[in-house]
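Below is one structure; the comments refer to it alone.
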Amino acid sequence: MPTPFTHLKQRINEFEKKYARPTHSVQLLAVGKNQPIEKLLSLYHEGQRAFGENYLQEALQKIPLLPSDIIWHFIGPIQSNKTRKIAEHFSWVHSVASFKIAKRLSDQRPSHLPPLNICIEVNVDQEETKSGVNITDVANLVSQCSTLPNIHVRGLMTIPAATDDFIKQCLTFKKLAEISHNIPTLDTLSMGMSNDLEAAIKEGATIVRVGRALFSGAS
Ligand SMILES: *Cc1c(COP(=O)(O)O)cnc(C)c1O
């Protein structure tokens, strides 16, 4: 019986092959929100090193209790009063949606740490309830953030409108990929979750952020 982790890794591999993506070009980010330490630790023992968290308080409790070679990614909404701790404890932030937040993260990044990797969150499907910048503002925000000394703008992230329609999933991800291809400094596309993994890999995801498929065993 494969574990949910090995099953998921196999699926990612299959989709890489199916869509002519290079082997290992899609990185798995394990999203551990609301999951206890023990579950994260057992994934760690299966070989997983990149973990994502949405809620700062929850993450700050978990981080010191887990191995120090874990790469932590912050993927949740960011209020200004959270930026200092995020800049201190994470290697990546996927949910940057304003210059103000990017500048605070850069200003507050401790000098002994390498630049913080960030993705700009894009509201591709233009949902009123979602955070993220509009498609038309992406290039401008990327170039503004690129001037910040302690930030490395790596790419774009999106959380699409929920749908089980594969074609619709692909359309959203394709839009994000096109914007990214027009900005040659970017090397990361953070897109795809349990439900739309295949579409995301087809359209060029380099990081898929997966929670439920890893922790509940569903695929
Ligand atoms: C929860 C969450 C995920 C993982 O979603 P699943 O459907 O559990 O795979 C990915 N990205 C973000 C931003 C999330 O909040």
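Data overview
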{"item": "Residue match in region 158-173 (condition: under 17 Å from Val93 (Cα atoms) and either modelled with pLDDT under 95 or touching a strand residue (DSSP E or B) at 6+ places or on another chain (Cβ under 8 Å) (or both))", "result": "yes"}
{"item": "Count of residues meeting criterion [of a type in the set (A, V, I, L, M), touching a residue at least 40 places away in the same chain (Cβ under 8 Å) and not in a helix (DSSP H, G or I)] in region 1-36", "result": "5"}
{"item": "Qualifying residue in region 105-113 (condition: of a type in the set (Asp, Glu), open to solvent by 50 Å² or more (accessible area, probe 1.4 Å) and within 14 Å of the ligand (Cβ to nearest atom))", "result": "no"}
{"item": "Residue that is farthest from the ligand (Cβ to nearest atom) [pool: residues in region 22-42 that are open to solvent by less than 40 Å² (accessible area, probe 1.4 Å) and within 16 Å of Ile207 (Cβ to Cβ)]", "result": "Ser25"}
{"item": "From the options Phe5, Phe51, residue that is open to solvent by less than 30 Å² (accessible area, probe 1.4 Å) and over 30 Å from Thr129 (Cβ atoms)", "result": "Phe5"}
{"item": "Any pair with Cβ under 9 angstrom, 6 or more apart, that starts in region 196-216 at a residue that is open to solvent by less than 20 Å² (accessible area, probe 1.4 Å) and ends at one that is near the ligand (Cβ under 7 Å from one of its atoms) and part of a helix (DSSP H, G or I)", "result": "Leu197/Ala213"}
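Residues checked against (1) farther than 20 Å from Asn34 by Cβ; (2) free of Cβ contacts under 8 Å to residues at least 40 places away in the same chain; (3) open to solvent by 10 Å² or more (accessible area, probe 1.4 Å):
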position	(1), (2), (3)
Pro67	yes, yes, yes
Phe74	no, yes, no
Val96	yes, no, no
Gln126	yes, yes, yes
Val133	yes, yes, yes
Asn140	yes, yes, yes
Cys145	yes, no, no
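The values are calculated or read from the model by the stated rules, or taken from the named source; none is laboratory data. Because the structure is predicted, anything quoted here is derived from the model rather than measured. No Cβ is skipped: glycine too gets one built from the backbone with ideal geometry, and neighbour counts run over all protein chains shown. To get the accessible areas, we keep the full protein, side chains included, count just its heavy atoms, and leave off ligands, DNA and RNA. Shrake-Rupley method; radii C 1.70, N 1.55, O 1.52, S 1.80 Å.
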